[in-house]
Amino acid sequence: MRRLAIVPFVFVVAGCLGPYTAQYSGRSDGEKKLLAEARRDVYPEDVRKSPDTFRKATLAWPGIVISARPDPNDALMSEVVIEHHYWDWKEDHSIQKAKAFMSPRGEGEFVCHAERRAVPPVDLRKAMAVAYVRPLGITDERLRAACTVQFFPPDWYATDVMDYGRGGQGFRLLRVPMK
């Protein structure tokens, strides 16, 4: 009888330690709140076509950091250029290092103006970013936004596993993630 009581415990522990996929839910209470309130169905091209329509909306856009520097017009701000990539907002916890399988496709670059104290003083190029965006408009043909950004190291994502567009359209598996 005692052995039977151990069996459910073993299955519960094994399930917790095994591979799993989870919906991205944010890293902190503040980010969880932002993510819950942000729209993920509006993309950079939508904003480029109609900037005023989304000026008061909070949007969530994933991507890869192209560059980060102090904002030349405001000492308290940083300017982070991010290349948008489609993402299914799922984290894959398995044998590979990468947890986010972003598509190699996306909707181009956008410029985030973020509080300088919230941007780590390290080289962020190629880091993954989840940007919570308030569009400011288009200046010098660049989409600009006020942002709060969550950064992840380059080994946290891959863009060579799955290829897809908006809402998963045109999905293709590029390779099986093994490392």
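The values are calculated or read from the model by the stated rules, or taken from the named source; none is laboratory data. Small disclaimer: the values here were computed from a predicted structure and weren't measured. FYI the Cβ positions are ideal-geometry reconstructions off the backbone, even for glycines, and counts take in every protein chain you see.
Under the condition of being surrounded by 20 or more Cβ atoms within 10 Å (Cβ to Cβ) and not small (Gly, Ala, Ser), the residues counted in the range 80-98 number 6.
Give all pairs with beta carbons closer than 9 Å in which a residue from the range 23-40 that is in contact (Cβ under 8 Å) with a residue 40 or more places away in the chain and farther than 12 Å from residue 148 by Cβ meets a residue that is part of a helix (DSSP H, G or I) and not aromatic (Phe, Trp, Tyr); count only pairs at least 6 apart in sequence or on separate chains. Pairs found: 24/35.
For residue 42, state whether it is assigned to a loop (DSSP other than H, G, I, E, B) and out of contact with any Gly (no Cβ under 8 Å at 6 or more places or on another chain). The answer is yes for residue 42.
Taking the range 102-179 and the strands (runs of 3 or more DSSP E) fully enclosed by it, the elements with 3 or more residues that are touching a helix residue (DSSP H, G or I) at 6+ places or on another chain (Cβ under 9 Å) and in contact (Cβ under 8 Å) with a residue 12 or more places away in the chain are at 128-139, 142-152.
Here is a check on your reading of the model: is residue 53 touching an Asp or Glu at 6+ places or on another chain (Cβ under 7 Å) and farther than 13 Å from residue 87 by Cβ?
Values: touching an Asp or Glu at 6+ places or on another chain (Cβ under 7 Å): no; farther than 13 Å from residue 87 by Cβ: yes.
Spelling it out, it is not the case that residue 53 is touching an Asp or Glu at 6+ places or on another chain (Cβ under 7 Å) and farther than 13 Å from residue 87 by Cβ.
Under the condition of being surrounded by fewer than 17 Cβ atoms within 10 Å (Cβ to Cβ) and of a type outside the set (S, T, N, Q), which residue from the range 51-70 is nearest to the chain's Cα centre (by Cα)? Step by step, filter the range 51-70, then rank; the result is 66. Scanning the range 62-79 for residues that are closer than 14 Å to residue 147 by Cα and either in contact with a His (Cβ under 8 Å, 6 or more places away or on another chain) or among the polar types (S, T, N, Q) (or both), we see that the one that is modelled with the lowest pLDDT is 71. Among the residues making up the range 115-132, a single one is closer than 19 Å to residue 156 by Cα and among the acidic types (Asp, Glu): 123. Looking at the range 149-167 only, could you name the residues that are under 19 Å from residue 25 (Cα atoms) and in contact with an Asp or Glu (Cβ under 8 Å, 6 or more places away or on another chain)? The one that is under 19 Å from residue 25 (Cα atoms) and in contact with an Asp or Glu (Cβ under 8 Å, 6 or more places away or on another chain): 150. Residue 44 passes every criterion in (1) surrounded by 14 or more Cβ atoms within 10 Å (Cβ to Cβ); (2) touching a helix residue (DSSP H, G or I) at 6+ places or on another chain (Cβ under 9 Å); (3) more than 18 Å from residue 151 (Cα to Cα) apart from (2). For the range 114-127, indicate whether the set of residues that are surrounded by fewer than 19 Cβ atoms within 10 Å (Cβ to Cβ) and small (Gly, Ala, Ser) is non-empty. Checked the range 114-127: at least one residue is surrounded by fewer than 19 Cβ atoms within 10 Å (Cβ to Cβ) and small (Gly, Ala, Ser).
Residue 87 meets each of the listed conditions (1) outside any loop (DSSP other than H, G, I, E, B); (2) under 24 Å from residue 29 (Cβ atoms); (3) among the aromatic types (Phe, Trp, Tyr) apart from (1).
So if I check each of 136, 174, which one is surrounded by fewer than 20 Cβ atoms within 10 Å (Cβ to Cβ) and either among the aromatic types (Phe, Trp, Tyr) or touching a Leu at 6+ places or on another chain (Cβ under 9 Å) (or both)? Outline the logic, then answer.
Details: 174 fails: either among the aromatic types (Phe, Trp, Tyr) or touching a Leu at 6+ places or on another chain (Cβ under 9 Å) (or both).
After applying the criteria, what remains is 136.
Selection of the range 93-129 for residues being acidic (Asp, Glu) and farther than 27 Å from residue 75 by Cβ yields only 107.
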